[in-house]
Amino acid sequence: MSANNGVEVIIKLGGSAITYKNELEKENLVAFAKAARIAAGLKGTCIIVHGAGSFGHFQAHEYGVAKGFGCDVDHTRIGFAMTRLSVTKLNHKVTEFFVSQGIPAIGLSPCGTWLTSSGHVTTAVVDNLAKLVFAGFVPVLHGDCVLDTDQGCAILSGDKIIERLVQELQPKRVVFLTDVKGIYDRPPEEQGAVLLQQINVTKDGDISVPIATNILGHDVTDGVKGKLKSISNIVISSNGLTKVFVANILSDSAYRTCIEGCTSQGEGTEIKLAVE
């Protein structure tokens with residue numbers, strides 16, 4: 001499926017952007033409204049993928065779901081089930097809000113149809129999702145617990161889902177909407193942090209600038225470090241044809257980036273394939 005007749009944009013709603021990540025299962029309705037406005041303004045086809053934020057991460061961390069079935073398999077199975085209850089609760093909330101705003105959103109879960117091996121996607125069912133897209137619906141996927149052929153179970157992040165969707169559907173652009181303006185050279189809360197307007201990625205996966213990151217203790221998806229890896233994979237696998245941006249979900253720039261595929265100076269980060 002080519003980009004010419006394929007998906008216009010895949011939008012990732014970061015877990016930290018649509019929830020209050022340090023408060024158990026508390027959604028950010030202001031961010032929901034911003035995301036819905038963007039989806040309503042799109043003229044082309046769209047897929048939404050959201051993170052878990054304060055839904056799922058706490059349970060997954062407590063029960064070690066990302067590490068697979070350990071010595072106490074029954075314990076991990078309960079954690080798997082509890083994590084899924086939480087992430088699907090958030091998916092329902094996002095989808096319900098979108099529908100209330102007149103957007104034909106359809107919530108979809110990877111569990112049971114996507115498989116991993118040591119955390120790497122080996123099976124992804126995309127055909128049914130694509131049919132929904134081209135029937136005029138807006139699929140809403142989420143990071144999830146899935147079965148893993150090597151370790152029994154694993155956490156499949158929203159970013160890894162997008163990696164595979166880019167390979168299969170070749171969207172024109174992917175926009176990561178977060179709770180900060182874009183990618184910084186260090187954690188944005190640190191003094192002297194600088195927003196990076198553009199990052200270049202080589203075909204070997206090297207990035208043009210050094211970036212220091214940190215990860216919350218309950219984050220089971222590798223935080224910014226994992227996101228940068230996924231973004232690099234997207235840029236490389238699409239040979240630079242899929243544009244990739246990071247923007248603040250609450251900014252006016254987020255709307256323009258998703259709709260028009262460009263950022264304003266000082267209001268986002270674009271990640272490109274380096275010219276060699």
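The values are calculated or read from the model by the stated rules, or taken from the named source; none is laboratory data. As the structure is a computational prediction, the values presented were derived from the model and not from experiment. Using ideal geometry, Cβ is built from the backbone for each residue, glycine included, and neighbour counts are taken over all protein chains shown. Side chains are part of the model used for accessible areas, which takes the heavy atoms of the whole protein and leaves out ligands, DNA and RNA. Shrake-Rupley method; radii C 1.70, N 1.55, O 1.52, S 1.80 Å.
Summary of values
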quantity: Some residue of segment 242-260 being on the phi > 0 side of the Ramachandran plot, open to solvent by less than 40 Å² (accessible area, probe 1.4 Å) and assigned to a loop (DSSP other than H, G, I, E, B); calculated: no
quantity: Subset of segment 156-177 (residues that are more than 13 Å from the chain's Cα centre (by Cα) and hydrophobic (A, V, I, L, M, F, W, C)); calculated: L169
quantity: Residue in segment 55-78 that is over 22 Å from V146 (Cα atoms), within 18 Å of the chain's Cα centre (by Cα), surrounded by 19 or more Cβ atoms within 10 Å (Cβ to Cβ) and not aromatic (F, W, Y) present; calculated: no
quantity: Unique residue being modelled with pLDDT under 90, closer than 24 Å to A66 by Cα and either under 14 Å from the mean Cα position of the chain (by Cα) or open to solvent by less than 30 Å² (accessible area, probe 1.4 Å) (or both) when the list is V224, V146; calculated: V224
quantity: Single unsatisfied condition, A81 versus (1) free of Cβ contacts under 8 Å to residues at least 12 places away in the same chain; (2) within 18 Å of K12 (Cα to Cα); (3) of a type outside the set (D, E); calculated: (2)
quantity: Helices (runs of 4 or more DSSP H) enclosed by segment 10-71 - at least 1 residues per element that are under 30 Å from Q170 (Cβ atoms), in contact (Cβ under 8 Å) with a residue 24 or more places away in the chain and in contact with a helix residue (DSSP H, G or I) (Cβ under 8 Å, 6 or more places away or on another chain); calculated: 15-18, 29-41
quantity: Members of segment 101-135 that are open to solvent by 50 Å² or more (accessible area, probe 1.4 Å), more than 18 Å from the chain's Cα centre (by Cα) and closer than 19 Å to V9 by Cβ; calculated: Q101, G102, P104, K131, F134, A135
quantity: Any pair with Cβ under 7 angstrom, 6 or more apart, that starts in segment 190-206 at a residue that is within 16 Å of V224 (Cα to Cα) and ends at one that is open to solvent by 50 Å² or more (accessible area, probe 1.4 Å) and assigned to a loop (DSSP other than H, G, I, E, B); calculated: A193/R186; L195/K181; I199/S208
